[in-house]
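> Attaching a single structure in structure tokens format; questions to follow.
Readers should treat all values here as calculations from the given coordinates under stated rules, not as data from a laboratory. Remember, predicted model here, so these are calculated numbers, not experimental data. When we count neighbours, we look across all protein chains shown, and the Cβ atoms used for this are built from the backbone with ideal geometry, even at glycine.
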Amino acid sequence: RPLTPLGPATITCTMTQPRKYSLDALLHPRLFKALCDPTRVSILGWLATQRRPRTVSEVASSGACPVDLSVVSRHLATLRDAGILGADRQGREVFYSFRAEAVVTGLRQLADALESCCVVQPEKETRS
């Protein structure tokens, strides 16, 4: 389902359907923390387009984020801890990959939970 902008709206939470997913469990702060930083979003966008897992060094040299290697490593750890990236240690290196299926499933569950409990009512336009 494509996302469509709602514009200004009032969201009222009421139970319109039985809960399939716990909204509280799906609104985990780690996910939003991981996605709220522009550098992490840039890293995520770059990794999502790659065909294979990438190391911290590859991410840092990709131009996806103009920061120090240690900062890239911390950003990747935040994305990993949120479940957005997978990490596979091979010797001294860690290979990071975008967990597309897990992210899509999680966002779909969040959308379903919001849809089942919240009624969105567009704001009335006022003329000046």
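> How far apart, in nm, are two points set 7 Å out from the Cα along the Cα-to-Cβ line at Leu35 and at Arg74?
Reported label-point gap for Leu35 and Arg74 is 2.3 nm.
> Determine ³J(HN,Hα), in whole Hz, for all residues of the stretch 56-68 in sequence, where each value follows from phi through the Karplus function 6.51 cos²θ - 1.76 cosθ + 1.60 and θ = phi - 60°; x replaces Gly and Pro.
Each residue's phi maps through the Karplus curve to give 4, 4, 5, 5, 5, 7, 6, x, 5, 8, x, 10, 5 Hz.
> Just add up the charged neighbours of Ala34: K/R +1, D/E -1, any other residue whose Cβ is under 15 Å from the Cβ of Ala34.
So the surrounding residues net to +4.
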